[in-house]
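Participant: The structure's right below; bear with me while I get my questions together.
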Amino acid sequence: MMILKSTRVAVESLVYIAAKSATRPVSAREVAQALSVSLAYLEGILRILREHKLVRSFKGPGGGYQVDGDLEKITVLDVVQLFESTEPKSEGVTACDGFVADFHDAFKKFLSAKSLRQLVGALAPHELVVAVAKPRFGLRPLPVPSSPRGPNSVFQLHAHGSGLLNRLA
């Protein structure tokens, strides 16, 4: 059985948000960086999770996402069902239909037994560290500003010394 990338990212983002949002909401940019996905892609997934009341969002400075609900009651199956069809596709009667139906039932039972709390508890602390990206280009230092050696305008002529005015006359 193939799991879609969107399903994997949805589960991983929920686990990351649940682990990091105990004290403050987690920004979508931080989650995208931690999961190595684009911000636009992640925002589409977070929109679906928000519409189904699995996360809530806070706007403005210090805003971000937090898990909405009890971590014990949210199961992996709740998330998977938003992004995947968990029912076997029946294109015709085959000899393996019973096996496929049994496999899907066992898969659903396994996913419904895993809560978000269990996944957060299984994380190692180093898995929550976001690597700081290096800039893609190097910057040279700016040149040292130099002050003009002579007057910069006619208004500065008198301040630069009356000798200059006398020589011009």
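Participant: Quick one: what are the phi-derived ³J(HN,Hα) couplings along the range 17-22, Karplus 6.51/-1.76/1.60 with θ = phi - 60°, whole Hz, x for glycine and proline?
Facilitator: For the range 17-22, the Karplus curve yields 5, 5, 6, 9, 9, 5 Hz.
Participant: Pick out, in residue order, every one of the chymotrypsin sites (Phe, Trp or Tyr not before Pro) in the range 1-58 that is DSSP loop and has at most 13 other C-beta atoms within 10 Å; say none if there are none.
Facilitator: On the way: sites: TYR16, TYR41, PHE58; in loops: none.
Passing sites in the range 1-58 do not exist.
Participant: What list of ³J(HN,Hα) values in whole Hz, one per residue of the range 34-49 in order, does the Karplus curve 6.51 cos²θ - 1.76 cosθ + 1.60 (θ = phi - 60°) give from phi, with Gly and Pro shown as x?
Facilitator: Result, rounded to whole Hz: 5, 9, 6, 10, 6, 5, 5, 5, 5, 4, x, 5, 5, 4, 5, 5.
Participant: Taking the Cα centre of the range 1-86 as origin, work out the dipole magnitude from +1 charges on Lys and Arg Cβ and -1 charges on Asp and Glu Cβ, in debye rounded to 20.
Facilitator: The calculation lands at about 260 debye.
Participant: For the pair VAL100 and THR23, what calculated FRET efficiency results from E = 1/(1 + (r/R0)^6), where r is the Cβ-Cβ distance and R0 = 41 Å, to the nearest 0.05?
Facilitator: 0.35
Participant: Once you have the Cα-Cα distance between SER57 and SER112, take 0.36 nm times their residue separation minus that, and quote the gain in nm to one decimal. All intermediate terms of the calculation are to be shown ahead of the outcome.
Facilitator: On the way: separation 55, 0.36 × 55 = 19.80 nm, distance 2.53 nm.
Net length gain for the segment: 17.3 nm.
Participant: Another question, then. Going from the alpha-carbon gyration tensor of the range 1-88, what semi-axes, largest first and in whole Å, does one get by taking the root of 5 times each eigenvalue?
Facilitator: Output for the range 1-88: semi-axes of 21, 15, 11 Å.
Each value in this text was obtained by applying a stated rule to the coordinates, not by laboratory testing. Keep in mind that this is a model prediction, so the values were computed, not measured. No Cβ is skipped: glycine too gets one built from the backbone with ideal geometry, and neighbour counts run over all protein chains shown.
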